[in-house]
Structure formats: C-alpha cells, structure tokens
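**Student:** I have a structure I would like to understand better, so I am pasting it below and will then ask my questions one at a time.
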Amino acid sequence: MTALERQNPWWRGEESYILSQWRRRRIRWIPSWLDEIVLEPYSLNLVIGPRQVGKTTGLHLLVERLLRGGIDPLQILFMDLDLMWNLDLFRKTIDEYMGMRKQEGYDSSFILIDEVTSLEGWWRLIKGYVDVGVFENDVLVLTGSSSLRLRGEVELFPGRMGRGVEVEALPLSFREFLRVKGVEIKRTGDLEGDMARLLPIRGRLRELFREYMEVGGFPLSINRNPAAEESFLRSIIGELLRLGRSPSLTAGILGSLMRKAPSPVSYSSIGTDVGLSYKTVRDYLELLMGLMILGEAPFSEAGVVKWRKERKYFFRDPFIARVLAEWTGVSFLPSALYEWVVQEHLYRRFGHIHYWRNGYEVDILADGMKVEVKLGKPHKRYPKDVLIIDEDNVAEFLAVIV
C-alpha cells in the first residue's frame, strides 16, 4: 500500500481513522465553516485557524459529505503536508494522483490539502499549477494555521482563487457551545427581547457558561481529553519556532499582559516589565494577534481611533487563556476572563471593537453599542446607553450576540 493510499482509505471502501476517532467522542459536531466552502470548480478555498481547532477533522467530514453526495471515491484526494518533507515529494504526489485520475477517466477532483503551513514554500507549487491550468476543473480546499497571513501567503493568490473563498475556523462561541450541548438558541436581532426570552432556562445557561469558561471552544478540551492542554501548547510553541520567534520572550510578554489585565497597556510598559524594546513587544503582539491568540481593542474617542493611546488586549478563547496562564506561571483576574470573553464575542459579531475612558471607562465600543463588563455590581452610575454585563446576564448576552 502506498503512502497516498494510506491517506485516502475511502479509495478502498474504508473509513478514515480520524473520522472513526471523531465518532467515538462523547461530544461531537460538524463545524459550521464547512458550509462556507465553495464546492464548484474552479475554486481554491483557504481555511485558516489556530491549531487543534478541528480543521483536519473538518476535512474528513467533508470527504464523508462528498461521498454521500455521490462523488466517486477516486475523485477525492486528501494530503497531509505534515507528512511531506520537501516540495519535490509534494509535486510527485500530486503528479502521481493526476496520472491515476487520468487512467480512471476522470478530469476533475476535490483536492483537500491539510496544514499547508507545515511545508516551507508550499505555495510555489500550488500557484504554479494554478497558473498553467492544472486545477482548472478542480475544487481545492487548503487548510493552514493563522500564520498563513503572517507570512503573506494568503496574498499570493489574488485572482487565482476562482470561486473559492477564505474561511476562518474558530473555537466555538458560547452559542455554538450551547448547541453542541443540546441547547438551541434562536435570535431575532432584538437583543433585549432575545435575552428576556431566555429567563426560563437561566439556571441551565449559567451552568453551561461556567463550563464554557473552563473548557472554551476547542474539541479536545470540550471532551475533557487529558492531552488537550499539552497538545495546544506544543502547537503554539511549534508555530513560534517556525516563525523565528522565542517562546520564552513570548511567555514573558503574555505574562505581563495577564498581570495588567483588564487594564489598557502600552508597548513600553510591557517592555519595561520584560526588558525588551517597545518595537520588539509590538512585533510579538502583532504576531500573537496573527496567530489568533490575542485580539486588540484600541482607544476610540468620538468615532476616531487613537492609535498612540494604550490598548486593551484580549485572549480569544477561555481555553487559550488558561493554557497560556499555566505556561507563563501568571494568574489573571476572574474579571479579566469575563471581559475577554465578551470582547471576543463582540469582535466576532462586528469585526472590530474599541474602548473609551474619561472619568469612567467603557470597556467595549462596537458599532454604536457601548458595553461595560463587571464581575460584581458596578460601584458607579453609567449613562443609560451603556449596557452593563455582569454575572446576572452575561450568559444570556453571549448566547444571543453571535
């Protein structure tokens, strides 16, 4: 049996090991990003997301969907570039498949290539084959870590994606987490009305919110897999090393952020903490945002972003925050975690968030919405147009916002 045949067991009428593992999970779901992929030729789809978020499993679920839709097994090629050690082997593997496909009388395929960022220069081969029409009748789905953007590899395909799209694979939001736990939340767009309709199940929502704040939205952590933390941390360290960055400096910067959270910070204040220049701190923070570890909320006043002011940073999933806190040896305030989770959900909803302060602080400004997050009851009065999110309503708010 060839290496290619081992990666494509459906050619022999067998189910993949990854899919059989997925079926054995206590809690499982089909990722929503699969529905965004364009399956009409010619299309080149890029699926970008952090490691351990379930991209590989998603591709195998896509294979199952295609097979059920009547696609011949030999028209579906899966390749894991973690197993390719150079571009020559990558090229030979594609050429081998194309020759086999031709012998079988097919001129189109679904070509699924996993973890392209594992192979340096992968884009040269794909781009070259696209430019000479090798894939003109095909659907390509390429997955990679968020470092695709950091290295500028996404920008190498303008005008070459055909009908294809760029898709983000993210950890589950709280509403998605509720769905996989059997609680379906409907939204009408009326925020207050939608939250009020959840009052009869408030107890259940709070129970699941506490669990979400512990396990986040990653498949392994949700299933309480004992390897979840180590697997995620190893993947992050691997990304840092591939990008030529120091894990120890990264840990120092993250530790400084956690100690200061949820207050706004400057590059210089973090640099003073860890003995680095503000330029180095800025470089690392931008990298961590590119890796979808952190998000940022800059200062905004009267609709104008003040980029020279201190910024707020938030961890993009509770599981990420907890794993990295253990790695850095720094504890964060419970109030910070609350704020990070609300910031992330509003960021997903609106695509950008800011903050403002002048006598009092508004944690989050998002598309005209003003939100203040308090773990306890607020000690001061806020204007009526500021929505206070606290322990009494945070679960309902997150369940309907995105």
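**Student:** Restricted to region 144-191, and to residues that are among the β-branched types (Val, Ile, Thr) and under 17 Å from the mean Cα position of the chain (by Cα), which residue is nearest to MET213 (Cα to Cα)?
**Tutor:** VAL167
**Student:** Hey, among GLU326, GLU344, GLU310, GLU339, which residue is under 18 Å from the mean Cα position of the chain (by Cα) and in the same structural domain as PRO264 (by TED's automatic domain parsing)?
**Tutor:** The unique qualifying residue is GLU344.
**Student:** Kindly provide the set of residues from region 1-28 that are over 15 Å from LEU112 (Cβ atoms) and crowded, with 17+ Cβ neighbours inside 10 Å, ordered by number.
**Tutor:** Within region 1-28, just TRP22 meets the criteria.
**Student:** Can you list the helices (runs of 4 or more DSSP H) lying wholly within region 1-108 that have 2 or more residues being of a type outside the set (Lys, Arg) and closer than 20 Å to GLY133 by Cβ?
**Tutor:** Once the helices (runs of 4 or more DSSP H) in region 1-108 are filtered for at least 2 residues that are of a type outside the set (Lys, Arg) and closer than 20 Å to GLY133 by Cβ, what remains is 87-103.
**Student:** Have a look at GLY49, GLY58, GLY54, GLY99 and point out the one that is small (Gly, Ala, Ser) and more than 28 Å from the chain's Cα centre (by Cα).
**Tutor:** GLY99
**Student:** Something else about it: Filter region 115-141 down to the residues that are modelled with pLDDT of 95 or more and under 22 Å from the mean Cα position of the chain (by Cα), then identify the one that is nearest to ARG282 (Cα to Cα).
**Tutor:** VAL141
**Student:** Now for a separate question. So if I check each of GLU136, GLU155, GLU104, GLU120, which one is surrounded by fewer than 16 Cβ atoms within 10 Å (Cβ to Cβ) and either touching a Phe, Trp or Tyr at 6+ places or on another chain (Cβ under 9 Å) or on the phi > 0 side of the Ramachandran plot (or both)?
**Tutor:** Details: GLU155 fails: either touching a Phe, Trp or Tyr at 6+ places or on another chain (Cβ under 9 Å) or on the phi > 0 side of the Ramachandran plot (or both); GLU104 fails: either touching a Phe, Trp or Tyr at 6+ places or on another chain (Cβ under 9 Å) or on the phi > 0 side of the Ramachandran plot (or both); GLU120 fails: either touching a Phe, Trp or Tyr at 6+ places or on another chain (Cβ under 9 Å) or on the phi > 0 side of the Ramachandran plot (or both).
The match here is GLU136.
**Student:** One residue is enough: does region 69-85 have a residue meeting the conditions closer than 21 Å to ARG242 by Cα, free of Cβ contacts under 8 Å to residues at least 24 places away in the same chain and more than 30 Å from the chain's Cα centre (by Cα)?
**Tutor:** no
**Student:** Right, next: Can you tell me which of (1) out of contact with any strand residue (DSSP E or B) (no Cβ under 8 Å at 6 or more places or on another chain); (2) more than 26 Å from GLU120 (Cβ to Cβ); (3) β-branched (Val, Ile, Thr); (4) surrounded by 17 or more Cβ atoms within 10 Å (Cβ to Cβ) is the one ILE236 doesn't meet?
**Tutor:** (2)
The values are calculated or read from the model by the stated rules, or taken from the named source; none is laboratory data. This structure is a prediction, so every number in the text was calculated from the model and none was measured. Note that we place each Cβ from the backbone using ideal geometry, even for glycine, and neighbour counts take in every protein chain shown.
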